[in-house]
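Rule-based calculations on the coordinates, nothing more; no lab input. Everything numeric here is computed off the predicted structure, so don't read it as measured data. Virtual Cβ from ideal backbone geometry, glycine too; neighbours counted across all protein chains shown.
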Amino acid sequence: MPFDDLDARAYALPPAEAERLLSPTLLLYLDAVRANLRRMLEYTGSPARWRPHVKTTKTPALFDELLAAGLRHFKCATLREARCLLETARAAGIPRIDVLLAYPLVEPALSALGGLARAFPAAHLSVLCEDPAAAERTPAGVDVFVDVDPGMNRTGVPLAERAAVRAVVSAAGARFRGLHHYEGHLHGDPEERRARCFAGYAELLELVHELGRLGAPPVRELVTSGTPAFRSALAFPGFRELGSIVHRVSPGTVVLHDARSAEENPDLELVPAALVFARVVSRTRADRVTCDAGSKSIAAEAGDPCAVVLGWPGLVAERPSEEHLPLRVASGRAPERGEVLLLVPRHVCPTVNLAEEALLVEGGRVREVVPVSARAHDVWARP
C-alpha cells in the first residue's frame, strides 16, 4: 500500500488538541504543502510552467501558499473557485493573476463569468470552448481556449476534427488564447502511458502547425496534463521548441497528494498533506473495526480502498457507507474503540470538497480552523 514507509508520528496532533477535536475532521498540513510546492517547482523548473488546478485546494489559506510560491497562472472548474481565488489574490496584493475556467460554460454561467471579469479587471480570465456559437457569445474581458479532446470523450472537439477546431478558433478571433488538451484518460503502466502521451502531444503540435499555416489567430498557450501525465508532458521534446508559444501543465492534486496518485506515479517525490482525522467507533469482531469517516467525509468515487490508514499497514479500508468506514484487520493488532486514525484519501480533491472547514497544522501544532470557501457551487448567477 502507498505510504507504508511514512512515519505517522510526523502527522500526530498534540495530545491536548487531539483529545478535544471532533471527528471526522479534515487536516491540512502546511509544511507538507510547502514541501510539495518546492518539489513541483523543481519538476517544472519555473512557476511560469505550471497552471495548478485549484479544484483540489479550494481554500484561501492554500491559495495563499500557491501565491507565495510565485504561482500566477491557475485553472479552476467552478465560478465559486474562480471568485474565491480572485478575492484571495486581490487581498494578498496580487490582483494580476491569470485564471482559466476549464469547463465549457453555458448560460447563465457564461454571463456570470463576464461579471467576474468586470469585478476583477486586473486579472486575466479565460474559458474553455468547443462550439463556435459559444465562442462568439463569450463575454467581453474573457479569452477563449479551444478544448480539444485527445480521447477522453468527456468534453472538447475531437483532436482529429481539424475543421471543427478551426471553426471555434475563427469564431473566437482576437480573443483566441490557445488550446487545452487534457489526457486524463491515460493511466496504467508509466512507460506505456508516456508513449501514448507523446503520441497525443505530437498530434497536438500538428494541429498547432496547421493553424499557423492556415493563417488562424496565433496560438499563445498550450495547456496539458493533470497529475498522471504532467511529467510526460514536461519530458516531451516538442514542448521545448515552441518559440513564442507557452506550454503549461495543470496538475492540482500534487499540492496535497493522495493514495491514487502515489499508486499511478510511484516516482513522484511528494507527501500527503491532507488527511482525515477519524476515530474507531465500533469493534464487534476481532478482524474488523469501524471508524467514523464515511463517504460524507472521505471521497469514495475513485474505488476501493477509499483511504490508507497512516501507520497501520495491517488495516484495509472496505466499502464505506455514509458515516461508517469498515476496516479489515489483515495483520497486526486491531485498534481500540475511541483510538485515533489518520486517513490518507484515495482521491483528495472531492474529499476536500466535502469539508466546510479544515484544521491547519504547521510545525506540529494546530494553527487555526479555516473555511473551505471554494467548495460546492453557487446557486444564483451574480451580476
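So which residues in segment 337-354 are under 20 Å from V370 (Cβ atoms) and not aliphatic (A, V, I, L, M)? Hits for segment 337-354 are P345, C349, P350, T351, N353. Give the residues of segment 266-294 that are closer than 29 Å to E362 by Cβ and either part of a loop (DSSP other than H, G, I, E, B) or among the charged types (D, E, K, R) (or both), sorted by residue number. Answer for segment 266-294, where residues must be closer than 29 Å to E362 by Cβ and either part of a loop (DSSP other than H, G, I, E, B) or among the charged types (D, E, K, R) (or both): P266, D267, L268, E269, L270, V271, P272, A273, R279, D292, A293, G294. If the condition is being surrounded by fewer than 22 Cβ atoms within 10 Å (Cβ to Cβ) and of a type outside the set (D, E, K, R), then segment 254-269 contributes A262, N265, P266, L268.
Determine, yes or no, whether L116 is more than 22 Å from G226 (Cα to Cα) and in a helix (DSSP H, G or I).
Details: more than 22 Å from G226 (Cα to Cα): yes; in a helix (DSSP H, G or I): yes.
For L116, the condition - more than 22 Å from G226 (Cα to Cα) and in a helix (DSSP H, G or I) - is met.
Would you please name the residue that is farthest from R220 (Cα to Cα), looking only at residues in segment 91-139 that are touching a Ser or Thr at 6+ places or on another chain (Cβ under 8 Å) and of a type in the set (D, E)? Applying the filter and picking the extreme gives E130. The set of residues from segment 148-171 being farther than 20 Å from A202 by Cα, outside any loop (DSSP other than H, G, I, E, B) and not β-branched (V, I, T) comprises A167, S170, A171.
Residue-by-condition table, conditions (1) without any contact (Cβ under 8 Å) to a residue 40 or more places away in the chain; (2) closer than 30 Å to E318 by Cβ; (3) under 18 Å from the mean Cα position of the chain (by Cα):
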| position | (1), (2), (3) |
| --- | --- |
| P2 | no, yes, no |
| D5 | yes, yes, no |
| N36 | no, yes, yes |
| M40 | no, no, yes |
| W50 | no, no, yes |
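Of the numbered criteria (1) closer than 23 Å to E356 by Cα; (2) in contact with an Asp or Glu (Cβ under 9 Å, 6 or more places away or on another chain); (3) without any contact (Cβ under 8 Å) to a residue 40 or more places away in the chain, the one K58 fails is (3).
The single residue among L159, L211, L128 that is out of contact with any Asp or Glu (no Cβ under 7 Å at 6 or more places or on another chain) and crowded, with 17+ Cβ neighbours inside 10 Å turns out to be L211. Listed by position, the helices (runs of 4 or more DSSP H) inside segment 15-103 whose residues that are surrounded by 23 or more Cβ atoms within 10 Å (Cβ to Cβ) number at least 1 are 30-44, 60-68, 79-91.
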